[in-house]
1. Taking strands (runs of 3 or more DSSP E) that fall entirely within segment 144-247, which contain at least 2 residues that are farther than 29 Å from Arg362 by Cα?
2. Quick check: anything in segment 41-61 within 20 Å of Pro89 (Cα to Cα) and modelled with pLDDT of 75 or more?
3. Given the criteria assigned to a helix (DSSP H, G or I), at pLDDT 80 or above and of a type in the set (Val, Ile, Thr), does Val78 qualify?
4. Return the pair list, or none, for Cβ contacts closer than 6 Å from residues in segment 177-192 that are within 11 Å of His150 (Cβ to Cβ) to residues that are assigned to a strand (DSSP E or B) and modelled with pLDDT under 90, at least 6 apart or on different chains.
5. So Ser324 fits all but one of (1) farther than 30 Å from Ile371 by Cα; (2) surrounded by fewer than 18 Cβ atoms within 10 Å (Cβ to Cβ); what number is the exception?
6. I'm told Ala266 meets every condition in (1) modelled with pLDDT under 90; (2) part of a loop (DSSP other than H, G, I, E, B); (3) of a type in the set (A, V, I, L, M) except one. Can you identify the failing condition by its number?
7. Among Pro348, Pro296, Pro312, which is closer than 30 Å to Trp146 by Cβ, touching a Phe, Trp or Tyr at 6+ places or on another chain (Cβ under 9 Å) and modelled with pLDDT of 95 or more?
8. If I go through segment 149-169 residue by residue, how many of them are over 17 Å from Leu258 (Cβ atoms) and at pLDDT below 90?
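The values are calculated or read from the model by the stated rules, or taken from the named source; none is laboratory data. Not measured: the values here are computed from a predicted model. Reconstructed Cβ throughout: ideal geometry from the backbone, glycine too, with neighbour counts over all protein chains shown.
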Amino acid sequence: MVWRETGIMDERLRFVVGCLTGEETMTQLCATFGISRKTGYKWLERYRKFGPAGLHDLPRAPLNHGRATPWDVVERIVAMKEAHPLWGPKKIMARLKHAEPCCGWPAVSTAGELLKRHGLVGRKRRRWKAADNGPWPEASEPNTVWTGDHKGWFRTRDGWRCEPLTVMDVASRYLLGLEATNSTADEEAWPVFERLFEENGLPDRFRSDNGSPFASAGVTGLTPLAARFVKLGIVLERIQPGKPQQNGRHERFHLTMLPMAKAPEADRTAQAQAFEAFRRSYNEERPHEALGMGTPAQHYRPSTRSMPKTTPEPDYPAEAAVRSVRQNGAVKWQGAEIYVSATLAGEPVAIEETESGEWAIRFYAHPLGFIDQKHRKLVRRSAAPTKPLGAAANST
């Protein structure tokens, strides 16, 4: 029999409710819950005879034996699992041993068997394997790389649409932000990041997918949020489309918080409170195998790059041709308008000649693309841009 990890009793109750409503056949329900028809009929019959109490597992172990784990120890292991249903026996025992090292705790394998007997171990989920490095260098220390994404939306019990925004530090696995936002719009995301930057300082790099609010489908790929990051000196890293493994640690975290979306709170306020409680537990209590069973809070420290009070000005060389992006998103170059990005309207960009004779446009330190002089438009290049010569044409 296989039940989902959301809780054995919850899954069995949902199964029985599905049977009683009659909206799906027994075969369909059993396939949905990953159990056999024989098992399905067994639990339905137990419910009809004994009610919800009949859905508990019957004890299989002998009442006593010489090497039995003391009952008070069993109760504490079970209580820890019930308090942290997403934790496995390794994390539970690491937490208990840290809290009371002198207690005669059982082995991890024994704890796992105890949890099985109490119906507290479900089906293992598929594990994400992070890409070795992708096209980027490894995050060597906290704040080298932050990652961000929106978890798939769900509705709270009053019907409010929740689009959770999650932000993590790669090196320490520290969950910087878990916010109950209403959409993926820039205007919702920026206040969250502004607060995180003020509280934790700035990361060196920020990794995301190619969706809103982090990237757009335009030639530059910039959104208002991404442009703010660039102006703060944060290097943008975007995973390749269809390659979520390049942000594998973040995707794996989304699986960890998946049960929260399946059990939404009453309204936005309650959901935000639940998210914050989860964030604190994840950072301060939940042991992480990749951290030597330590917690993210033990490995994270704020960035030394503080959030500036005013936005820095771009440091373009004197030889660069600096153009202000017009309201239509274009710049004037050699008698023609070259469309850059409406996102950058009013912002200064630099046009510089490369060693190969091409004209490259950049916004602060972020490369935007190259001018296709034949077609008078901005284009991307698959290869890395060549080094600017430091001299630009005196064009208008």
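1. Details: elements: 145-150, 161-169, 175-181, 205-208, 235-238.
In segment 144-247, 161-169, 175-181 are the strands (runs of 3 or more DSSP E) which contain 2 or more residues that are farther than 29 Å from Arg362 by Cα.
2. Taking every residue of segment 41-61 in turn, none turns out to be within 20 Å of Pro89 (Cα to Cα) and modelled with pLDDT of 75 or more.
3. Numbers: assigned to a helix (DSSP H, G or I): yes; at pLDDT 80 or above: yes; of a type in the set (Val, Ile, Thr): yes.
Here the answer is yes, as Val78 does meet what is asked.
4. Final answer for the pair search is Thr184/His150.
5. It is condition (1) that Ser324 fails.
6. (1)
7. On the way: Pro296 fails: modelled with pLDDT of 95 or more; Pro312 fails: modelled with pLDDT of 95 or more.
Result of the check over Pro348, Pro296, Pro312: Pro348.
8. Within segment 149-169, the first condition is being over 17 Å from Leu258 (Cβ atoms), and the residues that meet it are 157-161, 167, 169.
Of the ones still in play, those that are also at pLDDT below 90 are none.
So the count comes out to 0.
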